[in-house]
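Student: My questions all concern the structure below.
Where a number appears in this text, it was derived from the coordinates with a stated rule and is not lab data. Fair warning: this is a prediction, and the values are worked out from it, not measured in the lab. Because the Cβ atoms are built from the backbone with ideal geometry, glycine has one as well, and the counts that use them run over all protein chains shown.
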Amino acid sequence: MITVLSPAKKLSSECSAYGTIHSHPQFLDASQNLVNRIKEFDPPKLQSLMGISEKLSEINWERYQSWSYSAGPEKSREAIFTFMGDTYSGLDAFTLSTDDITFAQDNTRILSGLYGILKPLDLIQPYRLEMGTKLENESGKNLYFYWNSSLSNSINRELKVHRNSSIINCASIEYFKSINNPDLQASVVITPQFKENKNGKYRMISFYAKKARGMMARYIIQNRIEDPKDILSFNLDGYSYNKTLSTELDPVFTRYSS
């Protein structure tokens, strides 16, 4: 069983490794090709491509100009300690034990526009490149064409060595789309949903749902879950399984909101 996550736009300000055990992204050659393509953009064109502010375009232009294929732990950081968005607030990687991180390294994957797929301890450099970016490349008009079936094939290879070949999808629609194609050979894809109960009405609120996805990933890691049915006992931060609202592939977890 593999849990998949989206990356985050917000990144750690630290650009050196947090720990002493690292791994390296499997698609670095493909990442280098993307970096070479993006280096052709000046800051204004990068701003237009990514739909970001002038300040962010300058920051990211500098990031891509200094990006290095061979960057070591002094100039890169583990993915799980680099991403700082809502999902990673819920995951709270800095409080996971060494054994937790070891389990995550084998069972958790982060989808990435630049790196394709990341293990938690893969060393990465600061970047911004959302999977939905319409960056024309030799394979097509956007990153979905670029990564094509390479990401789902990578997941397939990993699922073959797992006792259970299911996927827990804690990623966004934008990112999961990069592996959700006919080549994906998972036995089942489970997509947890998180909703707030306010005045008897259930709503999905983006901020809380993103954080809850991270909490679900943490729950799976800390409880060494390898069977999808065991995620139904998830009970962090007031959430509990709501059988009435759930389907087999989309279990819903709800909590009361003040």
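Student: Sort 221-232, 113-124 by the packing proxy (mean of other Cβ within 10 Å over each peptide's residues), most packed first. Please report the intermediate quantities before stating the final value.
Tutor: Values: 221-232: 16.1, 113-124: 23.7.
Ranked by mean Cβ neighbours within 10 Å, highest first: 113-124, 221-232.
Student: Next up: Could you sort the peptides 176-184, 157-165 by per-residue average Cβ neighbour count (10 Å cutoff), highest mean leading? Spell out each step's value before the answer.
Tutor: Details: 176-184: 17.3, 157-165: 12.7.
Taking the mean over residues of other Cβ atoms within 10 Å, the ranking is 176-184, 157-165.
Student: Work from the charge dipole of the chain (Cβ charges, +1 for Lys and Arg, -1 for Asp and Glu, about the Cα centre) and give the residue of Phe145, Ile167, Thr191 farthest towards its positive end.
Tutor: Sorting the options by dipole projection puts first Thr191.
Student: Distance between Cα centroids, the range 211-258 to the range 1-57: provide it in whole Å.
Tutor: Measuring centre to centre over Cα atoms gives 30 Å.
Student: Can you work out the Karplus-derived ³J(HN,Hα) for every residue in the range 45-57? Use 6.51 cos²θ - 1.76 cosθ + 1.60 with θ = phi - 60°, whole Hz, and x for glycine or proline.
Tutor: 5, 5, 4, 5, 4, 9, x, 10, 6, 4, 4, 5, 5
Student: If you don't mind, there's one more thing I want to ask. Taking a threshold of 32 Å on the Cα-Cα distance, which of the pairs Lys198/Lys229; Lys9/Lys198; Lys134/Lys229; Lys75/Lys229 fall above it?
Tutor: Long pairs (Cα-Cα over 32 Å): Lys134/Lys229; Lys75/Lys229.
Student: Now for a separate question. Over the range 104-189, what relative contact order in percent results from Cα pairs under 8 Å that are six or more residues apart?
Tutor: Over the range 104-189, the number comes to 24 percent.
Student: Using Cα atoms only, what is the angle between the long axis of helix 206-222 and the major principal axis of the chain, expressed in degrees (0 to 90) to the nearest 10?
Tutor: 80 degrees
Student: By the gyration tensor of its Cα atoms, with a ≥ b ≥ c the square roots of the eigenvalues, what is the shape of the range 164-213: rounded for a/c under 1.5, prolate for a/b over b/c, or oblate?
Tutor: Prolate shape, in that a/c is at least 1.5 and a/b is the bigger ratio.
Student: Just for the range 2-256, what percent of DSSP beta bridges are antiparallel, to the closest 5? Don't skip to the answer; put the middle values down first.
Tutor: On the way: 12 of 28 bridges.
If we restrict to bridges inside the range 2-256, about 45 percent are antiparallel.
Student: In terms of Cα to Cα distance under 19 Å, which aspartates and glutamates are near enough to Lys10, apart from those fewer than 8 places away along the same chain?
Tutor: Filter leaves Glu54, Glu58, Glu62, Glu78, Asp86, Asp92, Asp122, Glu130, Glu174.
Student: Run the helix sum for the chain: -39,500 (n - 2.57) per DSSP H stretch of 4+ residues, divided by residue count, reported at 222 nm to the nearest 500 deg cm²/dmol.
Tutor: So the helix-based figure for the chain works out to -9500 deg cm²/dmol.
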